[in-house]
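Below is one structure, written out as C-alpha cells; the observations come after it.
The values are calculated or read from the model by the stated rules, or taken from the named source; none is laboratory data. A quick note: this is a predicted structure, and the numbers were derived from the prediction, not measured. We place every Cβ from the backbone using ideal geometry, glycine too, and count neighbours over all the protein chains shown. These area figures cover heavy atoms from the full protein model, side chains too; ligands, DNA and RNA do not enter into them. Shrake-Rupley method; radii C 1.70, N 1.55, O 1.52, S 1.80 Å.
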Amino acid sequence: DIIRTIRDPEKPNTLEELEVVTENCVEVQEIGEEEYLVVIRFTPTVPHCSLATLIGLCLRIKLQRCLPFRHKLEIYISEGTHSTEEDINKQINDKERVAAAMENPNLREIVEQCVTEPD
C-alpha cells in the first residue's frame, strides 16, 4: 500500500497503474526480533527506461520514510526487464549513492513530487 501511490516521473500515472510495481513484487521476511527484510522487484515500462534508477530511488525514499518497523531494504529491477539492470541494482542499493542523489536539489524535487501523497 505504501508504494502503490508513487507517481511515475514522466507520466501522470502511478507506478501501480503502469504495472511497474504490483503486490506480487513485494516480499517481506522476518530476519530478527521486530526486524524485517523488504525486497521489491520492479519492472520498468521499457527495457531501456532512462528513469529506472530514479524510480528505484523513489521506492527507497518512500519506504524509508513510511515503514513503521525496523527493516533492511533491497530494491531490484525484475530480472531480464532492463538493459542495464545490474548497474542500476548496484546504484539503488548503495547508501552513499542514494545519499548523494538526494543532495542534488533537482533530483530531490523530482523524488518529492513522485512520493508525495495525492490530496
Within the range 14-38, of all residues that are farther than 17 Å from Thr81 by Cα and of a type in the set (A, V, I, L, M), the one least open to solvent (accessible area, probe 1.4 Å) is Val38
As an exercise: evaluate Arg41 against (1) within 18 Å of Pro118 (Cβ to Cβ); (2) open to solvent by 30 Å² or more (accessible area, probe 1.4 Å); (3) touching a Cys at 6+ places or on another chain (Cβ under 7 Å); (4) not β-branched (Val, Ile, Thr) and give the number of the one condition it does not meet. (1)
Looking only at the range 43-74, count every residue that is modelled with pLDDT of 95 or more, over 20 Å from Leu107 (Cα atoms) and hydrophobic (A, V, I, L, M, F, W, C) and tell me the total. 1
Pairing a residue in the range 60-85 that is in contact (Cβ under 8 Å) with a residue 24 or more places away in the chain and under 25 Å from Thr116 (Cα atoms) with any residue that is assigned to a helix (DSSP H, G or I) and of a type in the set (D, E, K, R), where Cβ atoms lie under 7 Å and the two sit 6 or more apart in sequence or on different chains, gives Leu73/Arg60; Ile75/Arg60; Ile77/Glu85
